[in-house]
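What follows is one structure encoded as structure tokens, with my remarks underneath.
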């Protein structure tokens, strides 16, 4: 089965691909699946991790899974046509100048020395050079440059994969690559002090969680991962390591029934909103972060929140829970089960009846009684962030932006009205950057 991914992969693009391919990819009569990245030039981090989770679950289901990678050395289709269309409308000297500068860019790229910013700047200069002489051919000029230099954009994608250790984690999950990514030229993407990006960290056991938490307690590791943002309140006070990583990591390890799980972070600046979160169902909330936000992503390829929490809610004796979630036929909707998973006492590992008894009798310490996911919910609320969850066919979020100054409650679990078929669970924690 060939799963062709589009040129840009953001939320809506992935939702469409999942609706088209997800259920069919697990069919018993299918023995192999190929994820075709050859046309893809950009992918958002949450969508990339979702695709990795999907592919790894297919491997766990016994499928032969491969990723077809873009090769910048392969001439792009349509290049000859683009040149033929531009020749009649530009002078020979302009055509020669642009062709020479494009060859220089390709030479630098072949040496793995062309950074994304350099390529964007060079393209802008080439376009200006063309339009200075031929101001009425912008569309033709842009199409020509895209055909000439478009393949180099694939190097950004490959560099992004290397930067987040996607190849390493996918290979460990049993995914094959064609061609071998080590043979491909890639854009050099390195750590920088103003880009707090923690690479994909596997969560395979409680030992992985403990190691990750221990590392994030070290100032040197925080500085490496978060740079100038290591002084954020949520980081400096230990919440990143002790609550976000520890509670989420242990929740995955103990409850997800997953063969793979990962944690990573990214910074999203306001200047990047138009493409990083465009079409995201929580977009209107996220754009309220005037200085950008730090995002922590935890994703597993397990059974989903609804499957493991439904037996718990059925035994929960609290009248408020019955009134809030139970339908007339006694069944629970997937969106309500996902919401209930963040309830203070909801736990698939402990007896809900005992927890409610201890809580109502005042015999239990509120701290130990509360579930791990509740602590995540509470921390995001206290920092006026956004908590998004994708699980069990549901994409929903809690919007706590501006809650400190609001007189209205903002604890409602909002959902995207369109289904989001996916395996496992992704939790996205978006915390505002405050300058």
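Conditions tested, residue by residue: (1) at pLDDT 90 or above; (2) under 21 Å from residue 263 (Cβ atoms); (3) out of contact with any helix residue (DSSP H, G or I) (no Cβ under 7 Å at 6 or more places or on another chain).
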{"site": "41", "(1), (2), (3)": "no, no, no"}
{"site": "56", "(1), (2), (3)": "yes, yes, yes"}
{"site": "65", "(1), (2), (3)": "yes, no, no"}
{"site": "88", "(1), (2), (3)": "yes, no, yes"}
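State which residue pairs qualify: first residue at positive phi and outside any helix (DSSP H, G or I) and inside the stretch 222-244, second residue loosely packed, with under 15 Cβ neighbours inside 10 Å and at pLDDT 75 or above in any location, beta carbons under 9 Å apart, and separation of 6 or more residues or different chains.
Filtered contacts from the stretch 222-244: 238/217.
Yes/no per residue for (1) under 28 Å from residue 261 (Cβ atoms); (2) touching a helix residue (DSSP H, G or I) at 6+ places or on another chain (Cβ under 6 Å); (3) buried (at least 18 other Cβ atoms within 10 Å of the Cβ):
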| residue | (1), (2), (3) |
| --- | --- |
| 121 | no, no, no |
| 151 | no, no, yes |
| 158 | yes, no, yes |
| 169 | yes, no, yes |
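Conditions (1) surrounded by 20 or more Cβ atoms within 10 Å (Cβ to Cβ); (2) modelled with pLDDT under 80, marked per residue:
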| residue | (1), (2) |
| --- | --- |
| 370 | yes, yes |
| 380 | yes, no |
| 391 | yes, no |
| 395 | yes, no |
| 400 | yes, no |
| 407 | no, yes |
| 416 | no, no |
| 431 | yes, no |
| 435 | no, yes |
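Working only within the stretch 36-62, note down all residues that are over 20 Å from residue 427 (Cα atoms) and within 17 Å of the chain's Cα centre (by Cα). Working first, answer last.
Taking the stretch 36-62 as the starting set, the residues that turn out to be over 20 Å from residue 427 (Cα atoms) are 36-42, 58-62.
If the condition is that a residue be over 20 Å from residue 427 (Cα atoms) and within 17 Å of the chain's Cα centre (by Cα), then 37, 40, 41, 42 are the ones that fit.
Would you say residue 24 is surrounded by fewer than 16 Cβ atoms within 10 Å (Cβ to Cβ) and under 19 Å from the mean Cα position of the chain (by Cα)?
On the way: surrounded by fewer than 16 Cβ atoms within 10 Å (Cβ to Cβ): yes; under 19 Å from the mean Cα position of the chain (by Cα): no.
Here the answer is no, as residue 24 does not meet what is asked.
Filter the stretch 178-200 for residues that are modelled with pLDDT of 90 or more and touching a strand residue (DSSP E or B) at 6+ places or on another chain (Cβ under 6 Å) and give the result.
178, 200
Return the residues of the stretch 23-66 that are in contact with a strand residue (DSSP E or B) (Cβ under 9 Å, 6 or more places away or on another chain), in contact (Cβ under 8 Å) with a residue 40 or more places away in the chain and in a helix (DSSP H, G or I); say none if nothing qualifies.
If the condition is that a residue be in contact with a strand residue (DSSP E or B) (Cβ under 9 Å, 6 or more places away or on another chain), in contact (Cβ under 8 Å) with a residue 40 or more places away in the chain and in a helix (DSSP H, G or I), then 45, 46, 48, 49, 50, 51, 52, 53, 54, 55, 56, 59 are the ones that fit.
Residues of the stretch 295-317 being surrounded by 15 or more Cβ atoms within 10 Å (Cβ to Cβ) and either in a helix (DSSP H, G or I) or more than 30 Å from the chain's Cα centre (by Cα) (or both), which ones? Before the answer, list the steps.
Filtering the stretch 295-317 for residues surrounded by 15 or more Cβ atoms within 10 Å (Cβ to Cβ) gives 295-310, 312-313, 316.
Matches in the stretch 295-317: 305, 306, 307, 308, 309, 310, 312, 313, 316.
When the residues of the stretch 253-276 are narrowed to those that are in contact (Cβ under 8 Å) with a residue 60 or more places away in the chain and assigned to a loop (DSSP other than H, G, I, E, B), which ends up nearest to residue 225 (Cα to Cα)?
260
Yes or no: residue 112 closer than 27 Å to residue 92 by Cβ, touching a residue at least 40 places away in the same chain (Cβ under 8 Å) and surrounded by fewer than 18 Cβ atoms within 10 Å (Cβ to Cβ)?
No; evaluated as a whole, the condition is false for this residue.
The values are calculated or read from the model by the stated rules, or taken from the named source; none is laboratory data. The model shown is predicted, which means the values in this text are computed figures rather than measured ones. Because the Cβ atoms are built from the backbone with ideal geometry, glycine has one as well, and the counts that use them run over all protein chains shown.
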